1. Springs between alpha-carbon pairs under 10 angstrom, Gaussian network model over the chain: which of Asn153, Asn397, Asn340 fluctuates most?
2. Please give the Cα centre distance for the stretch 174-214 versus the stretch 264-318, rounded to the nearest Å.
3. Measure out, as a whole number of angstrom, how far apart the alpha-carbon centroids of the stretch 373-425 and the stretch 155-173 sit.
4. GNM, the chain, Cα, under 10 Å: largest mean-square fluctuation among Gly129, Gly48, Gly194?
5. Divide by every residue of the chain the summed helix terms, -39500 (n - 2.57) for each DSSP H run of at least 4, and state the resulting mean residue ellipticity at 222 nm, rounded to the nearest 500 deg cm²/dmol.
6. At a threshold of 8 angstrom on Cα-Cα distance, excluding pairs fewer than six apart, so keeping six or more, what relative contact order does the stretch 1-127 reach in percent?
7. Full-extension gain between Lys288 and Ser77, please, as 0.36 nm times their residue separation minus the C-alpha to C-alpha distance.
8. For Val144, what is the net charge nearby, where nearby means another residue's Cβ is under 15 Å from its Cβ and Lys, Arg count +1, Asp, Glu -1?
Amino acid sequence: MKRLSGIHLPHWKRTEEQPVRALPLPETVRLPMLMHTGDPCQPAVKKGDHVLLGQLVGEAVSESAVPIHASVSGTVSAITQYRTADGTEVPCVEITSDGEQRIFDGCQPPSVKSRDDLIRAARESGCVGLGGSGKPTFLKLAAVQKPQMLIVNGAECEPYLTSDSRLMTEHPEDVIEGTVLIMRLLKIKEARIGIQTDKPAAIRKLSELSAAQKGITVCPLPAVYPQGAEKVVIYHTCGKVIPEGKTAADLGLITLNVSTVAFLYQYVQTGIPMTERVVTVDGDAIKKPFNLRVPIGTNAVRLLEYTGCDFDHLHKLLCGGPMMGAALSSPDFPILKPQNGLIACKSAKQPKPSPCIRCGRCIRVCPLNLMPVQLERAYQKQDIRMLTAHHITLCMNCGCCSYVCPAHRPLADVIQQAKTLLPKP
Ligand code: SF4
Ligand code: SF4
């Protein structure tokens, strides 16, 4: 099978051999009522209420939303406003911890015996894609009536990030049991777990455990960025190509991140909803990089202090990996459910873009065979027909084209901007 293009990046995965450690409990958490793609929740508590770990604090009022639960036990100290990445203001529940982490009585293992039970449980757990997508998991499970295959994504191709890798090494049984659970209830005969070859321990452990399970195959994947992008991992694990305008669900495929699968399994065992996550904290401004298990809503400053961030020389802070992560204007923000990485970088000179020299490198590395340089030109001309003719909607904003451009043209950013010119579907 022909491999899709991509780029070889330095891995900088300094945390891959270190066990995950728990961050000391923060004094407060802030829980914005929007941590998933879709509509925001409404606060289900008011100032002064006492809440327990796992208790509902944000009610999912729209069909596409998932609820939000208290990540610490304590007192609701304020209901404030929070500005999301796209500028939308949503309510935010602040909880001052009582330090006890008492679990809410209502957190009981759900009865999960059918497809509908699993979809309901995934929704009630507040589960979203932990690989960074933030898409409510129940929507992915419900999107395909008769799924052909489950693809479990353990590629984790971004530099620095190792939270999935640590999960697969420390708790491989959760990944396999979660995969078995989803296959059984959704009547899926085949599952493929895609893992990059730079994670040999994860490949070995999951291969050993899956050998006893019918229908599960571990697929070692070349360590090439963006191996973990949905379209790429699907192609390299099962050879299917998602046509323009279609989704994985249209091909009968369900793709889930390894941490999401493991969380679903744990939720069915314990009934404790999504209240914490593991975040890789790294970058050249970080002295002691770690994977930290933190309550959702913990202020990022706490993580940066714990890892010895050099705040005096902090130039760029990214939420997620360095290739597809979002730049943050300030470290004063709460860790949200989808945030798998916090990358702190020291000052680095950004070369100025120069005119295109028509080298074609951007075209050669695009995994989806797009022509980034033509998309940039179409944007400069504000030419929607040309953007469409060059299949702009296929672009997954992986950043490979910008990375290799010798003229330092910000192609991926321009293409993202160009998408805003398209008529809304
Ligand atoms: S950002 Fe888009 S155009 Fe550039 S390489 Fe990635 S998919 Fe291709
Ligand atoms: S990589 Fe940069 S210089 Fe080369 S063709 Fe693409 S835009 Fe032009």
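Please treat every number below as a calculation from the coordinates, not as lab data. Small disclaimer: the values here were computed from a predicted structure and weren't measured. In this analysis, Cβ positions are derived from the backbone assuming ideal geometry, glycine residues included, and neighbour counts consider all displayed protein chains.
1. Result: Asn397 has the largest fluctuation of those listed.
2. For the stretch 174-214 versus the stretch 264-318, the Cα centre distance is 26 Å.
3. With the stretch 373-425 and the stretch 155-173 each reduced to a Cα centre, they are spaced 31 Å.
4. With Cα springs under 10 Å in the chain, the top fluctuation among Gly129, Gly48, Gly194 is at Gly48.
5. Taking each H run of at least 4 residues, the total per residue is -7500 deg cm²/dmol.
6. The value is 24 percent.
7. Net length gain for the segment: 72.7 nm.
8. +4
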